[in-house]
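K.L.:
Can you keep this structure in mind? I'll have questions shortly.
Read-outs: derived from the displayed coordinates by stated rules, not from any lab. Computed from a predicted structure; not experimentally measured. Please note: Cβ atoms are built from the backbone with ideal geometry, for glycine as well, and neighbour counts cover all protein chains shown.
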Amino acid sequence: MAEIDFPAEIRALRAKFASIEQVSDVESIKADIADLGEKAAAPGLWDDQEQAQYVTSKLSHRQSELDRLNSLQQRIDDMETLVELAHSEGDPDSLNEAAQELKGLQKALDDLEVVTLLSGEYDEREAVVSIRSGAGGVDAADFAEMLLRMYTRWAERRGYPVQVLDTSYAEEAGLKSATFEVKAPYAFGTLSVEAGTHRLVRISPFDNQGRRQTSFAAVEVVPLITPTDHIEIPENDIRIDVFRSSGPGGQSVNTTDSAVRLTHVPTGVVVSMQNEKSQIQNRAAAMRVLQSRLLLLKQEEEDAEKKALAGDVKASWGDQMRSYVLHPYQMVKDLRTNYEVGNTSSVLDGEIDGFIDSGIRWRAEQRGAEA
């Protein structure tokens, strides 16, 4: 193994950390912690449970950000001390330990650097993800279910709570659509790079002639609304339909009409919920997702106006953003970043951090170019 130039590596770590610290704005984090701490200590905080949960969650997240920065700085200091002692005492075991810590610090700083790129207006929000099967018949429905599993496994690996809000099953197999929440800070900014059309190429397990099939599924990611948002929706703008919830194969789950479908008449946005036990719960969940979609729609309209003023700008996302090829070879490739992985099973099992990180960096470059 080549000898490591520890002084040079430590200087590089400190330079990267200083850059991250500057972008993170530590003083702003401390100010937020102080302000949120005062709100969390207010006697009547829990009179409004939704607002209280927002305040305490935000406080916990900001404190975690500060703790993470302080911890990384301490780890760099400790490693530098370890290297100095190892050299002075001629201790190769301590140098090996320092080499392992160097790798860990490089990875931790790379991960934190990606987080600093999540600077969009709603990037720090929790996320609402919807998956819809597209062209490809039963294979597309099966692909939609594969993507649902992929994202839920990804969230599980990170310890992010997931709540499935709605599942519409296809007649033969798979899903027509599914909607779920990912309850973690920056879930929207992180997962928003997954939005777009996903393509699957494989030998169809549903084709008795064993032919290759191409199918598609669409992924939509919107930020979850918070108590500080102001999205007013006049009652006259909403059409409400109720129906009986159903499971796979059309089997009845409930004996009452508890499922709810909301249609926002002016925009045509439709949201349906059926996974809660009561109509009231499904209606509340559907309204929350509808507000989230309208919030993102409002931002997209504002961005479109800005782009129109700036002139003709090439669209950031193509119709097909990722291809999953299982036959005649195995490869998952992002068509925007060219990031690719040959182990398709691991990707479909939720190991998609490489795609997400490269997507976040690519998006930051696109935003920088447009600016």
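K.L.:
Take the Cα atoms of the chain, build their convex hull, and give its volume per residue in Å³. Don't jump to the answer; show the numbers that get you there.
P.N.:
Values: hull volume 71.8 nm³, N = 371.
With only Cα atoms used, the chain gives 194 Å³ per residue.
K.L.:
Next up: Expressed as an acute angle from 0 to 90° and rounded to the nearest 10, what is the orientation of the C-alpha long axis of helix 353-370 relative to the principal long axis of the chain?
P.N.:
Helix 353-370 and the main axis of the chain meet at about 90 degrees.
K.L.:
Another question, if that's okay. Are there trypsin sites (Lys or Arg not before Pro) in the stretch 178-223 that DSSP puts in a loop and that have at most 15 other Cβ atoms within 10 Å, and which ones? Mind showing how you got there, number by number?
P.N.:
Values: sites: Lys183, Arg199, Arg202, Arg211, Arg212; in loops: Lys183, Arg211.
Qualifying residues, ordered by number: Lys183, Arg211.
K.L.:
Then there is this: Calculate how steeply helix 49-89 sits against the longest principal axis of the alpha-carbon atoms of the chain, using the helix alpha-carbon long axis, and give the answer as 0 to 90 degrees to the nearest 10.
P.N.:
30
K.L.:
Under a Cβ-Cβ cut-off of 11 Å, what is the net charge of the residues other than Phe206 that fall near it, where Lys and Arg count +1 and Asp and Glu count -1?
P.N.:
On the way: positive: Arg202, Arg211; negative: Asp139, Asp142, Glu172, Asp207.
Taking every other residue near Phe206 into account, the sum is -2.
K.L.:
What length, rounded to one decimal in nm, is gained on full extension from Asp25 through to Asp91, with 0.36 nm per residue of separation minus their alpha-carbon distance? Can you show the working numbers first?
P.N.:
On the way: separation 66, 0.36 × 66 = 23.76 nm, distance 3.87 nm.
Gain in length upon complete extension: 19.9 nm.
K.L.:
Right, something else. Residues of the stretch 154-193 with the amide nitrogen closer than 19 Å to a label point 7 Å from the Cα of Glu370, along Cα-to-Cβ, please.
P.N.:
188-193
K.L.:
Name the residues whose placed amide hydrogens come within less than 5 Å of the amide hydrogen of Gln213, ignoring near sequence neighbours (fewer than 5 apart) on the same chain.
P.N.:
Residues meeting the amide H criterion: Arg202, Ile203, Ser204.
K.L.:
Set the bar at 25 Å for Cα to Cα. Now go through Lys16/Lys39; Lys16/Lys333; Lys58/Lys176; Lys298/Lys333; Lys183/Lys298; Lys39/Lys183 and name every pair that lies beyond it. Mind dumping the intermediate values first?
P.N.:
On the way: Lys16/Lys39 34 Å; Lys16/Lys333 29 Å; Lys58/Lys176 35 Å; Lys298/Lys333 31 Å; Lys183/Lys298 22 Å; Lys39/Lys183 22 Å.
Those over the limit are Lys16/Lys39; Lys16/Lys333; Lys58/Lys176; Lys298/Lys333.
K.L.:
Calculate the spin-label point distance for Gln299 paired with Arg212, positioning each point 7 Å from the Cα along the beta-carbon direction, and give it in nanometres.
P.N.:
3.9
K.L.:
Taking Cα atoms, how many degrees apart are the long axis of helix 92-116 and the longest axis of the chain, rounded to 10 and kept between 0 and 90?
P.N.:
40
K.L.:
Given a 10 angstrom Cα cut-off, can you work out which residue in Glu172, Glu121, Glu194 is the most mobile in a GNM of the chain?
P.N.:
Greatest mean-square fluctuation among the candidates belongs to Glu121.
K.L.:
Once fully extended, how much extra length lies between Ser119 and Arg158, figured as 0.36 nm per residue of separation less the alpha-carbon to alpha-carbon distance?
P.N.:
Working: separation 39, 0.36 × 39 = 14.04 nm, distance 2.08 nm.
Answer, rounded to one decimal: 12.0 nm.
K.L.:
I would also like to ask the following. Farthest toward the dipole's positive end in the stretch 1-49, which of Gly44, Ile33, Ile4, given Cβ charges of +1 (Lys, Arg) and -1 (Asp, Glu) about the Cα centre?
P.N.:
Checking the options against the dipole of the stretch 1-49, the answer is Ile4.
K.L.:
Roughly speaking, what is the centre-to-centre gap between the stretch 56-90 and the stretch 182-227 when only Cα atoms are used, to the nearest Å?
P.N.:
Going from one Cα centre to the other spans 37 Å.
K.L.:
Here is a follow-up. What is the magnitude of the charge dipole of the chain about its Cα centre, with +1 placed on the Cβ of each Lys and Arg, -1 on the Cβ of each Asp and Glu, and no other charges, expressed in debye to the nearest 20? Don't jump to the answer; show the numbers that get you there.
P.N.:
Numbers: 40 positive and 63 negative charges, 327 e Å.
For this selection, approximately 1560 debye.
K.L.:
Right, here's the next one. Relative to the present Cα-Cα distance, how much length would full extension add between Gln100 and Val269 at 0.36 nm per residue of separation? Could you put the intermediate results ahead of the total?
P.N.:
Values: separation 169, 0.36 × 169 = 60.84 nm, distance 5.12 nm.
Contour length minus the Cα-Cα distance gives 55.7 nm.
K.L.:
May I pose another question? First check a/c for the stretch 116-250, with a ≥ b ≥ c the square roots of the eigenvalues of its C-alpha gyration tensor; if it is under 1.5, answer rounded, and if not, answer prolate when a/b is larger than b/c or oblate otherwise. Write out the running numbers ahead of the final one.
P.N.:
Working: a/c = 2.25, a/b = 1.45, b/c = 1.56.
Here the stretch 116-250 falls in the oblate category.
K.L.:
How large is ³J(HN,Hα) for each residue in the stretch 270-280, as worked out from phi by the Karplus curve 6.51 cos²θ - 1.76 cosθ + 1.60 (θ = phi - 60°), to whole Hz, x for Gly and Pro?
P.N.:
Calculated HN-Hα couplings, in order: 10, 10, 10, 9, 8, 8, 7, 7, 10, 5, 5 Hz.
K.L.:
Enumerate the amide H contacts of Ala170 below 5 Å, restricted to partners 5 or more residues apart or on another chain; note that Pro and chain-start residues carry no placed amide H.
P.N.:
Leu175, Lys176
K.L.:
With unit charges on the beta carbons (Lys and Arg positive, Asp and Glu negative) and the dipole taken about the Cα centre of the chain, which residue among Gly134, Phe17, Ile76 sits farthest to the positive side?
P.N.:
Result: Gly134, furthest along the dipole toward the positive end.
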